[in-house]
Every structure is written in structure tokens, then in C-alpha cells.
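Below is one structure, written out as C-alpha cells, with a few remarks after it.
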Amino acid sequence: KWESLFKRRELVHVDAVKEFYAKMTVIHLKKKYVVKSSVKGIGIEFDHERLATILGVLGRNGICEYIKEVWEESKYTKPLDITRRIANNETLTAARRVKSSEMKPFQRFIHFLVMKNVIPRFGKRDTSSFMDLTYMDHLMARRLVNLPRVMMRHMSYVISMKDHELPYGDWLTM
């Protein structure tokens, strides 16, 4: 269902993306995020279900963890197991970030896809974050990822930072 999202769009309205993020607020409700903004005086509001509809993807199921520093074990996330699989080293004794040089070509491709499309960022592209590893593992195992919810959590994080790439510009202006 995600294939259409990875087709490169030539036209991104950079000024509209900047205005969208400059005016954006994220409201955290019980188990829901609501994004509010405006561009050229037109109000924009959506939750993850509406974003799923806009993007044409499933938006109700799947992992949507947002891991920054502490990588905790959960039902679907076993940090040491994931590290061993992606580093291709069963002898590792602790979960850690994995360098792209330790990955097989397919894993590097999935890492690139995650860094550029799922959780876009600039810098530190030669080493995977805990979040990268989690989403790489889920994609390679063909487990569901709740992309709209992940996107909204990442957007919320980005507006709290002073210097961060503005993600999803091509999706926001499609």
C-alpha cells in the first residue's frame, strides 16, 4: 500500500511546507494526535486516520513507537534480537546502534528507505538509530507499521527542535 508514497515528486512547495510547520501545533489526546496548521489563510487539521485516508494507506494498526534514547523491549520489539539480525552478528551481547557497513545490501536499502521516508532526517546516515532499527526490523519481517501515526509523532518532535529537516514536504504538498 505504500508504493505510491515512495515515487519521487518533482514539485515540492517549499514556502508552503515552511509556513505549515511554522504555524503547526500538535494536540495530544488520549490515544490520538491532532495536527493543526494553516497555509495562506486556509486552515488544515487532521488526525492519523484522516492522514491515512489522504495518503491512501492503512492507518489503524501496526507499530507506531517513537524511540529517541532508551530502547525498551516490548511485545514486538526485542532490541538485542533486532541488533543481532541487522548487524548480522549472533554473538552480540547488548543492543546497540548498527553501522551501515555492518548491514547486508538489502538491509542498507531498507535503512535508506526508513531514513528518507519513514523518519526523515539529515546527518548521521551511516549509523542507524534505535528507531531506524525498530522500523527496519518491522518492514523486513512484513509486520504492520502505522505510518500516519509515526509521521504525526515525528512532526510533533520536529517542531520542538530548533534545527531539524522539515519532513514529508513532498507528501504535504501532493
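The values are calculated or read from the model by the stated rules, or taken from the named source; none is laboratory data. Remember, it's a predicted structure, so these values are computed and weren't measured experimentally. Cβ placement follows ideal geometry from the backbone for every residue including glycine, while neighbour counts extend to all protein chains displayed. Side chains are part of the model used for accessible areas, which takes the heavy atoms of the whole protein and leaves out ligands, DNA and RNA. Shrake-Rupley method; radii C 1.70, N 1.55, O 1.52, S 1.80 Å.
Report, by residue number, each residue of segment 83-102 that is open to solvent by 50 Å² or more (accessible area, probe 1.4 Å), in a loop (DSSP other than H, G, I, E, B) and touching a residue at least 24 places away in the same chain (Cβ under 8 Å).
Answer for segment 83-102, where residues must be open to solvent by 50 Å² or more (accessible area, probe 1.4 Å), in a loop (DSSP other than H, G, I, E, B) and touching a residue at least 24 places away in the same chain (Cβ under 8 Å): just Arg97.
Please specify each residue of segment 132-171 satisfying the condition of being open to solvent by 60 Å² or more (accessible area, probe 1.4 Å), over 20 Å from Ile110 (Cβ atoms) and of a type in the set (A, V, I, L, M, F, W, C).
The answer is Ile159, Met161, Leu166.
Here is a list: Met136, Met115, Met131, Met152. Which entry is in a helix (DSSP H, G or I), touching a helix residue (DSSP H, G or I) at 6+ places or on another chain (Cβ under 9 Å) and within 21 Å of Ser37 (Cα to Cα)?
Met152
In segment 1-59, how many are open to solvent by 90 Å² or more (accessible area, probe 1.4 Å) and either modelled with pLDDT of 90 or more or not in a strand (DSSP E or B) (or both)?
The total comes to 17.
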